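**Q** One structure, as structure tokens, below. Some questions next.
The values are calculated or read from the model by the stated rules, or taken from the named source; none is laboratory data. Everything quoted here is computed from the prediction, not taken from an experiment. So basically every Cβ, Gly included, is an ideal-geometry build from the backbone, and we count neighbours across all protein chains shown. Just so you know, the surface numbers come from the protein's heavy atoms only, side chains and all, with ligands and any DNA or RNA stripped out. Shrake-Rupley method; radii C 1.70, N 1.55, O 1.52, S 1.80 Å.
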Amino acid sequence: MASLPKITQESLVTMASHPSKPVAFIKVINSEGILTDLVIKREAQSNRSNPAHVGSIAWTSKIMKNVQDPLVKMIVLDDQELAFLTSVVNEYIPGTTTCQDLIENLENSVWVKMPAVDGLSDGAFSTRSREYGKNDELNFEKLTALLSHLNDPNNWFELGKVLAADIFNGNSDRFSLDGSSWNNAGNLLFIKSRIIGLDVWDPASRADQSNLFDRQIGPNSTFELRLLNPLDVHKPIDRMTYAGNIAKAVGERINRTLQNAGYQEDQKISITLGKGRGKVKIKCKRKDFANLYNHRAFLVEQGLIEGTDSLKAYLLMKINKYARDNALLAEQFAQEARQNFAYNHHNGDRRGNFLANVRPQASRNAIPKNVSNHNRRLAGTFDPIQSHLQHQQPTPPPQLIAQQPQQPILPAHLRKAVPNGIIQRMVYLKWIPRDAIPYL
């Protein structure tokens, strides 16, 4: 997918706001007249002045995009885009949550843009009542849609790939990192009927686990990264056990919501999924929903394995690509330095930088010292003591007209690098040796 267009006064066409969330839907047009639908949103609990937040948001998106779906593309809005949106938001969407958030939280929060996706839905099938003692309000239509999506075996395989990225990213805002609970059904997202791993950054993760920027991973860490390396010598783990926990967590969440909605343990529930020849009918007791998807654990495990392999390949590719890019850029700097050296050596440096160590050359017509001394001896002005002292002085070392400059070091702001937090994770997983860290 091509890079997302910039949001400017010339490109913005329309803007609409989500009714209750800090989210806006905009249309932009490029110089070729092509319209692009974008979504902008504020990342909750983020801080624009925190490099770990900005860098982690960008990299968690890159990882999910290359592991699971290329439509997962989230770009942090730059200062110019934010300044422009703030200046026009009252004109387009006055009085909305997005308008208020843009104006009040501009300096405090990270705002991102992403492609608008048609047919996006989530797995939330109930609304928890805010009144104490009240049961969940079950949305049976949304539950039916969720069960239809989960009836597709490929979605369980794709879920495994999403989980591989979530584990690496430290994102527990979908499932807990140990797989024991389905934390947020609203973050199990679908495009029409297939899973997509949107919402990749979890600012509320415990122990700052979503910090890909500079979080250190110790050799004895209990961090769930071990799920991506089941042979970890520090704490081996069975991937199949984790996958089984995920499948069971989905069934238990459905069973619990049905229970809270008033369904009895042995009450039979009948749900028809799909239409026409693809129609499937589920009929079982409420309590049986707890184990309805246990047999899908194998597909989750296979997706986790493939997602881990894709993740490793992508990050190693980025390290190698950045190394090549940095080497080429450093060579350009070195070539420019050599050209400047040649020019200054030929023409002289007006600032005196290359001429500071130039040794004055004697005139071609100067009289050799031994001849001069002989003439002064004949004239009676020769002083043998002074002559002896002159011969005893050490000969000064030869000086170069100019010294070849060393190859310049690439400026830090131009050097491309994978964040240290990601490097630490890769070392922990033994994807790269610890000795390589100083060179990355």
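**Q** Do we find a residue being within 24 Å of the chain's Cα centre (by Cα), within 25 Å of Phe213 (Cβ to Cβ), of a type in the set (D, E, K, R) and open to solvent by 30 Å² or more (accessible area, probe 1.4 Å) anywhere in segment 3-18?
**A** So far as segment 3-18 goes, yes, one or more of its residues are within 24 Å of the chain's Cα centre (by Cα), within 25 Å of Phe213 (Cβ to Cβ), of a type in the set (D, E, K, R) and open to solvent by 30 Å² or more (accessible area, probe 1.4 Å).
**Q** Same structure again: Which ones in segment 308-333 are open to solvent by 30 Å² or more (accessible area, probe 1.4 Å) and either of a type in the set (A, V, I, L, M) or not in a helix (DSSP H, G or I) (or both)?
**A** Of everything in segment 308-333, those that are open to solvent by 30 Å² or more (accessible area, probe 1.4 Å) and either of a type in the set (A, V, I, L, M) or not in a helix (DSSP H, G or I) (or both) turn out to be Ala313, Leu316, Met317, Ala323, Ala327, Leu328, Leu329.
**Q** How many residues are open to solvent by 60 Å² or more (accessible area, probe 1.4 Å), under 43 Å from the mean Cα position of the chain (by Cα) and over 18 Å from Phe175 (Cβ atoms) if we restrict to segment 247-275?
**A** 3
**Q** Return the residues of segment 27-46 that are open to solvent by 60 Å² or more (accessible area, probe 1.4 Å) and more than 15 Å from Ser11 (Cβ to Cβ); say none if nothing qualifies.
**A** Listed by number, the list holds a single entry, Gln45.
**Q** For segment 122-132, name all the residues that are part of a loop (DSSP other than H, G, I, E, B) and either at pLDDT 80 or above or small (Gly, Ala, Ser) (or both). Let's see the steps before the verdict.
**A** From segment 122-132, those part of a loop (DSSP other than H, G, I, E, B) are 123-125, 128-132; that's our starting set.
If the condition is that a residue be part of a loop (DSSP other than H, G, I, E, B) and either at pLDDT 80 or above or small (Gly, Ala, Ser) (or both), then Gly123, Ala124, Phe125, Ser129 are the ones that fit.
**Q** For segment 9-23, what are the residues that are outside any strand (DSSP E or B) and under 19 Å from Ala83 (Cβ atoms)? Spell out the reasoning first.
**A** Let us first name the residues in segment 9-23 that are outside any strand (DSSP E or B), namely 9-11, 18-22.
Of everything in segment 9-23, those that are outside any strand (DSSP E or B) and under 19 Å from Ala83 (Cβ atoms) turn out to be Gln9, Glu10, Ser11, Pro22.
**Q** State the number of residues belonging to segment 47-64 that are open to solvent by 10 Å² or more (accessible area, probe 1.4 Å), among the hydrophobic types (A, V, I, L, M, F, W, C) and under 25 Å from Thr97 (Cβ atoms).
**A** 2
**Q** Looking at segment 159-187, which of its residues are more than 11 Å from Leu225 (Cα to Cα), open to solvent by less than 10 Å² (accessible area, probe 1.4 Å) and of a type in the set (Gly, Ala, Ser)?
**A** Scanning segment 159-187 gives Gly160, Gly179, Ala185.
**Q** So for segment 78-97 (the condition being open to solvent by less than 50 Å² (accessible area, probe 1.4 Å) and in contact with an Asp or Glu (Cβ under 8 Å, 6 or more places away or on another chain)), does at least one residue qualify? Show your work before the answer.
**A** First, the residues of segment 78-97 that are open to solvent by less than 50 Å² (accessible area, probe 1.4 Å): 78, 81-82, 84-86, 88-89, 93, 96-97.
Next, only the ones that are in contact with an Asp or Glu (Cβ under 8 Å, 6 or more places away or on another chain) stay: none.
Within segment 78-97 (the criterion being open to solvent by less than 50 Å² (accessible area, probe 1.4 Å) and in contact with an Asp or Glu (Cβ under 8 Å, 6 or more places away or on another chain)), the answer is no, since none of the residues qualifies.
**Q** Among the residues of segment 23-63, which ones are over 23 Å from Glu107 (Cβ atoms), out of contact with any Lys or Arg (no Cβ under 9 Å at 6 or more places or on another chain) and aliphatic (A, V, I, L, M)?
**A** Ile29, Ile34, Ile63
**Q** Then there's this: Go through (1) assigned to a loop (DSSP other than H, G, I, E, B); (2) small (Gly, Ala, Ser); (3) modelled with pLDDT of 85 or more for Gly218 and report which single condition fails.
**A** It fails just one condition, (3).
**Q** Same structure again: Residues of segment 281-307 being among the aliphatic types (A, V, I, L, M) and open to solvent by 20 Å² or more (accessible area, probe 1.4 Å), which ones? So that I can check it myself, show each step before the final result.
**A** Initial filter on segment 281-307 (among the aliphatic types (A, V, I, L, M)): 282, 290, 292, 297, 299-300, 304-305.
Ile282, Leu292, Leu299, Ile305 - these are the residues of segment 281-307 that are among the aliphatic types (A, V, I, L, M) and open to solvent by 20 Å² or more (accessible area, probe 1.4 Å).
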